């Protein structure tokens, strides 16, 4: 029991130490709270379910509530593909929670060398949304997103760094990178099936009018079976 408590409190200390960095920024500070589950159907297929709440305005308002369902197919040790659907209710400027439907596909390449694992995930997503009640559906918001992640296994801990780029594929004003994300965090393996993750993420708009930068603290609990 004591062996479990000591690593857990180290993880909690790491998580709490990141809070001041998010609060010290001038744009916005948020928090993402996530519960996820994965079911291995066989050696090749895996089913995933995620529920997430995203806070914004310095943790004072619920900005988004989302549910995500995924099916992943493992081609081999290095390559995997997945299909995903996300239903999100996002708060608008009128303080309404409007639905957004997102369909996306991922292609992931992963390479492991000793304790270091590097992965590249390429995603194409298409999202439809309602801007307000009574409005028509705003469709075909297509993005190509590429994310590079490096993880290093240290017993029960797996610290990581990631960098992601957003590239719109059908933007009327022209296609160019308009968003980036940089994240640092760590996974803590509570047991073989249970993992908790804490991270700090910078979500930044670029090459747009009045760009927003969000500084986000996140925690995720994952159960695999």
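The values are calculated or read from the model by the stated rules, or taken from the named source; none is laboratory data. It should be emphasised that the depicted structure is a prediction, and the values quoted were computed from it without experimental measurement. Neighbour counts run over all protein chains shown; Cβ positions are idealised from the backbone, glycine included.
Points to keep in mind about this one:
- Test: residue in segment 114-130 that is at pLDDT 95 or above, surrounded by 16 or more Cβ atoms within 10 Å (Cβ to Cβ), over 26 Å from residue 65 (Cβ atoms) and over 16 Å from the mean Cα position of the chain (by Cα): yes
- The residue that is farthest from the chain's Cα centre (by Cα), counting only those in segment 40-57 that are under 17 Å from residue 91 (Cα atoms) and surrounded by fewer than 14 Cβ atoms within 10 Å (Cβ to Cβ), is 57.
- The requirement of being surrounded by fewer than 15 Cβ atoms within 10 Å (Cβ to Cβ) and at pLDDT below 95 is satisfied by residue 27.
- Residue selected from segment 82-104 under the condition modelled with pLDDT of 95 or more and loosely packed, with under 14 Cβ neighbours inside 10 Å, by the criterion nearest to residue 43 (Cα to Cα): 83
- Residue check, residue 148 within 17 Å of the chain's Cα centre (by Cα), farther than 27 Å from residue 87 by Cβ and modelled with pLDDT of 95 or more: yes
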